[in-house]
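The values are calculated or read from the model by the stated rules, or taken from the named source; none is laboratory data. On a predicted model such as this, the values are computed, not experimentally measured, just so you know. A quick note on method: Cβ atoms are made from the backbone with ideal geometry, for glycine too, and the neighbour counts reach across all protein chains shown.
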Amino acid sequence: MAPGYGAVAELASRIAVNVGRVVVGKADIVERLLVAMLCEGHVLIEDVPGVGKTSLARALARSIGGECRRIQFTPDLLPTDIGGISFFDQKLGDFRFRPGPVFANIVLADEINRATPRTQSALLEAMEERTVTVEGETMSLPRPFLVLATENPVELEGTFPLPEAQLDRFLLRTDVGYPSHEEEDAILERFQAETPMDSLLPVATTDELMTAIGMVRTVYVAPDVRHYVTTIIRATRGHPAISLGASPRGSLALFRSAQALAALRGRGAVIPDDVKTLAVPALAHRLMLAPEARLRGRNAAGILADILEEVPVPVEGEIGVTVAASSG
């Protein structure tokens, strides 16, 4: 491990192990959530109900000693139900602000596609600006701040799908998936007598996490690896099956998430495998497929897999500085 970045890896390991006391398996999903948190980004989880999305969010919040709030999105939810409201307190004879559930370290936005576009925009604005403005007064949200938004891909009646411009605001998109046979058996055994969440204690502090966030930006990215990222991005813009490729925000998302992955794995430099590991979670939701590709049943993840096969990967000799730094 590179000096200094071992502390980031140790912190991430502590949190992952603690979350694993509640959530069986899903180490790759927990790693992606930690990547997003270290980048101060947000995650869209598209999966069916009951696979542990809420448990993941709560366990992650408890592990860092932070506050977790859940917002159930419905068609009648208003923007003030998210950010808060200013009201007149008759006892004080003045207006007071009642903070909404977005004032938390981890916010679970459950079934975000069931709210109206106006309400969706209120949350997405808070995600982007990390502030809430009410009656002309702007208030900062706590740090770290992570939104886990969920969508149910099965029931689409009465929903308002997020447009591409809003999907682009999420650093990563992922799914949770059903547990394996062994994992589901372990879940039943673990929850037979008690709920592990009730006894889960913090294993890190928000101050430790903010220090780790600062270190992520210092992770070295060699010119050849940086060029690898931009080549992948540009390949999405010229692919015949894609009508709208990844934006520069997508470039930054892949770049920064690769830095975070390197840091939480204890390395001081990004290697091509970091980029390949996060290419689909960071880019698939930013692509708009051509109508012909959709008719043929193709999806963004499969097309990105093809692009990753076609784009030349920097070899060890070309990124000697990176390899040396990552093995220090």
Response to the item:
If we ask which residues in the range 151-168 are buried (at least 20 other Cβ atoms within 10 Å of the Cβ) and either farther than 18 Å from L78 by Cα or outside the structural domain of F88 (by TED's automatic domain parsing) (or both), their number turns out to be 1
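So how many residues does the range 80-89 have that are in a strand (DSSP E or B) and touching a residue at least 24 places away in the same chain (Cβ under 8 Å)? Before the answer, list the steps.
Let us first name the residues in the range 80-89 that are in a strand (DSSP E or B), namely 84-89.
Those still in the list that are touching a residue at least 24 places away in the same chain (Cβ under 8 Å) too: 84-86.
Qualifying residue count for the region: 3.
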Worksheet item: Of all residues in the range 35-79, how many are in a helix (DSSP H, G or I) and either buried (at least 22 other Cβ atoms within 10 Å of the Cβ) or in contact with a strand residue (DSSP E or B) (Cβ under 8 Å, 6 or more places away or on another chain) (or both)?
Response: 14
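Per-residue answers, yes or no, for (1) modelled with pLDDT under 85; (2) out of contact with any helix residue (DSSP H, G or I) (no Cβ under 9 Å at 6 or more places or on another chain); (3) of a type outside the set (K, R); (4) over 30 Å from A186 (Cβ atoms):
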residue: K53; (1), (2), (3), (4): yes, yes, no, no
residue: A61; (1), (2), (3), (4): no, yes, yes, no
residue: F88; (1), (2), (3), (4): yes, yes, yes, yes
residue: G93; (1), (2), (3), (4): yes, yes, yes, yes
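Can you pull out the residues in the range 176-189 that are under 22 Å from the mean Cα position of the chain (by Cα) and surrounded by fewer than 16 Cβ atoms within 10 Å (Cβ to Cβ)? Let's see the steps before the verdict.
Here is the first cut: in the range 176-189, the ones under 22 Å from the mean Cα position of the chain (by Cα) are 176-179.
G177, Y178, listed by residue number.
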Worksheet entry | Flag if L123 is farther than 23 Å from A165 by Cα and within 19 Å of the chain's Cα centre (by Cα) | no
Discussion item. Going residue by residue through the range 244-264, is there one that turns out to be surrounded by fewer than 19 Cβ atoms within 10 Å (Cβ to Cβ), of a type in the set (A, V, I, L, M) and in contact with a strand residue (DSSP E or B) (Cβ under 8 Å, 6 or more places away or on another chain)?
Written reply: yes
Worksheet item: Of all strands (runs of 3 or more DSSP E) completely enclosed by the range 90-146, which ones contain at least 3 residues that are without any contact (Cβ under 8 Å) to a residue 60 or more places away in the chain, surrounded by 14 or more Cβ atoms within 10 Å (Cβ to Cβ) and not polar (S, T, N, Q)?
Response: 106-110
Practice prompt. Could you look through the range 105-156, keep only residues that are at pLDDT below 85 and of a type in the set (V, I, T), and pick out the one that is farthest from M37 (Cα to Cα)?
Written response: V154
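Residues checked against (1) closer than 30 Å to P117 by Cα; (2) at pLDDT 85 or above:
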position	(1), (2)
E164	yes, no
R173	yes, yes
P179	no, yes
E182	no, yes
A186	no, yes
E189	no, yes
E194	no, no
A204	no, yes
Item to complete: Using the structure shown, decide if A12 is more than 19 Å from A258 (Cα to Cα) and surrounded by 16 or more Cβ atoms within 10 Å (Cβ to Cβ).
Response: no
